[in-house]
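For reference, the structure is listed below as structure tokens.
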Amino acid sequence: MATVTPSGAALGAEIRGIDASVPLSDAGLALVLQALHTHKVVVLRDQLLQPVQQIAFCARFGSLEEHVLAQFLVPGHRELVRVSNVLDEAGKPIGLVDAGRLWHSDGAFLDKPNLYSMLYAIEIPHGADGRSLGETWFVDTAKAYGSLPRAMKQRITGLTALNSLEAVYAAMHKDKAALNRPPLTEAQRRGVVHPVVRVHPHSGQLCLYVSRAATVRILGLAEEDSRALIDELADWCVRDEMQYHHRWREGDLLIWDNCGGQHLAIGDYALPQRRLMHRATVAGIEPVGAPAHESATADAA
Ligand code: OGA
Ligand code: MN
């Protein structure tokens, strides 16, 4: 029987007793989903997965999305994209090198943002002392919403915000992260409008859906007020004591919830320290905003 052990931090858990290389039973799927919705990020350690096995496991959670950067897909397996700092013989990146160097939620700039992401660690960089590098940090956006003062809950419920990939790129540029990306399409520049407080499509929890990376503008507010509120809410989500820091091991299959959390990649390594991962992404639905009365009646959940 599989077991779920919380990380001891504000979120995160380890699931033991599931082998992701063999078909996942309905009971196994229910256990993983329950743990994921509770802890927002879960790890299955010591997995040995070929691409077809990772795809089969991940597809149990929903339909898998193909990443737009076709050159980074795993050859022959378009459901997987490489997240890596490794270069090919021509010196070109074989995967996304700069994925997630700002706090974000995957696909916030899409009409239907990614629901879950699943990253499988094949090679992990290590420092001279043997400690693994390139951690991924997580926060719980339902806890972030739940711990807001009541007046703030009331103020933001019903608000919507513009999120765009252009903002993500601009923020990365400001932070001098590598920008080896193709030009944006008109639609990508325009961005999408999402509720500031989202209802989780499965757990029903209310989640703050504002990030430093993607949120450009809260609609209906003056630019200055909008900027101040985005910064306040985004910073509230990622307070130090709200974080779980995932220290990777080869063989980790990490699954996270993009409605219930945000994450950040730590870029504290460089070649010849190699990092290679395969990511599958489960498609989501159009975000639903919290009902107006929620903030008036619900105290910190
Ligand atoms: C991602 C991402 C974090 C990491 O793949 O969406 O944010 O540590 N990755 O690679
Ligand atoms: Mn990400």
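Regarding GLY8, is this residue modelled with pLDDT of 95 or more, farther than 21 Å from ARG249 by Cα and either open to solvent by 20 Å² or more (accessible area, probe 1.4 Å) or in a helix (DSSP H, G or I) (or both)? The answer is no for GLY8.
Could you list, in sequence order, the residues of region 13-46 that are among the small types (Gly, Ala, Ser) and farther than 20 Å from ALA121 by Cα? Of everything in region 13-46, those that are among the small types (Gly, Ala, Ser) and farther than 20 Å from ALA121 by Cα turn out to be SER25, ALA27, GLY28, ALA30, ALA35.
A residue that is over 16 Å from TYR116 (Cβ atoms), part of a strand (DSSP E or B) and of a type in the set (Ser, Thr, Tyr) cannot be found anywhere in region 12-29. Yes or no: region 259-271 includes at least one residue that is more than 17 Å from the chain's Cα centre (by Cα) and open to solvent by less than 60 Å² (accessible area, probe 1.4 Å). Yes, region 259-271 has at least one match. Here is a check on your reading of the model: is VAL68 within 19 Å of GLY284 (Cβ to Cβ) and either open to solvent by 30 Å² or more (accessible area, probe 1.4 Å) or of a type in the set (A, V, I, L, M, F, W, C) (or both)? When the stated conditions are applied, VAL68 passes them. Look at PRO195 and say whether it is surrounded by fewer than 18 Cβ atoms within 10 Å (Cβ to Cβ) and under 20 Å from HIS37 (Cβ atoms). Here the answer is no, as PRO195 does not meet what is asked. Entry remark, region 54-85: residues being closer than 18 Å to LEU36 by Cβ and among the acidic types (Asp, Glu) number 1 in total. No other residue among ALA265, ALA213, ALA290, ALA280 is within 16 Å of ligand 2 (Cβ to nearest atom), closer than 19 Å to ASP140 by Cα, small (Gly, Ala, Ser) and out of contact with any Gly (no Cβ under 7 Å at 6 or more places or on another chain) apart from ALA213.
If ARG249 meets every condition in (1) open to solvent by 50 Å² or more (accessible area, probe 1.4 Å); (2) under 30 Å from GLU123 (Cα atoms); (3) at pLDDT below 95 apart from one, which number is that one? For ARG249, the exception is condition (3). Looking at this structure, is ILE230 β-branched (Val, Ile, Thr), part of a helix (DSSP H, G or I), open to solvent by less than 70 Å² (accessible area, probe 1.4 Å) and out of contact with any Gly (no Cβ under 9 Å at 6 or more places or on another chain)? Answer is yes for this residue. Which one is modelled with the lowest pLDDT among residues in region 198-227 that are β-branched (Val, Ile, Thr) and open to solvent by 10 Å² or more (accessible area, probe 1.4 Å)? By that ranking, first place goes to VAL216.
Here the condition is being within 16 Å of ligand 2 (Cβ to nearest atom) and out of contact with any His (no Cβ under 9 Å at 6 or more places or on another chain); of VAL83, VAL97, VAL22, it holds for VAL97 alone.
Does region 71-101 hold any residues that are within 21 Å of ALA234 (Cβ to Cβ) and either open to solvent by 40 Å² or more (accessible area, probe 1.4 Å) or away from ligand 1 (no atom under 14 Å from the Cβ) (or both), and which are they?
Across region 71-101, the qualifying residue is only ARG101.
Of all the criteria given as (1) surrounded by fewer than 21 Cβ atoms within 10 Å (Cβ to Cβ); (2) within 16 Å of ligand 2 (Cβ to nearest atom), the one not satisfied by HIS104 is (1). Would a scan of region 279-286 turn up a residue that is over 25 Å from LEU73 (Cβ atoms), away from ligand 1 (no atom under 12 Å from the Cβ), modelled with pLDDT of 95 or more and charged (D, E, K, R)? Looking for residues that are over 25 Å from LEU73 (Cβ atoms), away from ligand 1 (no atom under 12 Å from the Cβ), modelled with pLDDT of 95 or more and charged (D, E, K, R), one finds at least one in region 279-286, hence yes. Restricted to strands (runs of 3 or more DSSP E) entirely inside region 66-161, those with at least 2 residues that are touching an Asp or Glu at 6+ places or on another chain (Cβ under 8 Å) are 77-84, 116-123.
The values are calculated or read from the model by the stated rules, or taken from the named source; none is laboratory data. Keep in mind that this is a model prediction, so the values were computed, not measured. For neighbour counting, all protein chains shown are included, and Cβ atoms are generated from backbone atoms with ideal geometry for every residue, glycine included. Areas reflect the complete protein model, heavy atoms only, side chains present, ligands, DNA and RNA absent. Shrake-Rupley method; radii C 1.70, N 1.55, O 1.52, S 1.80 Å.
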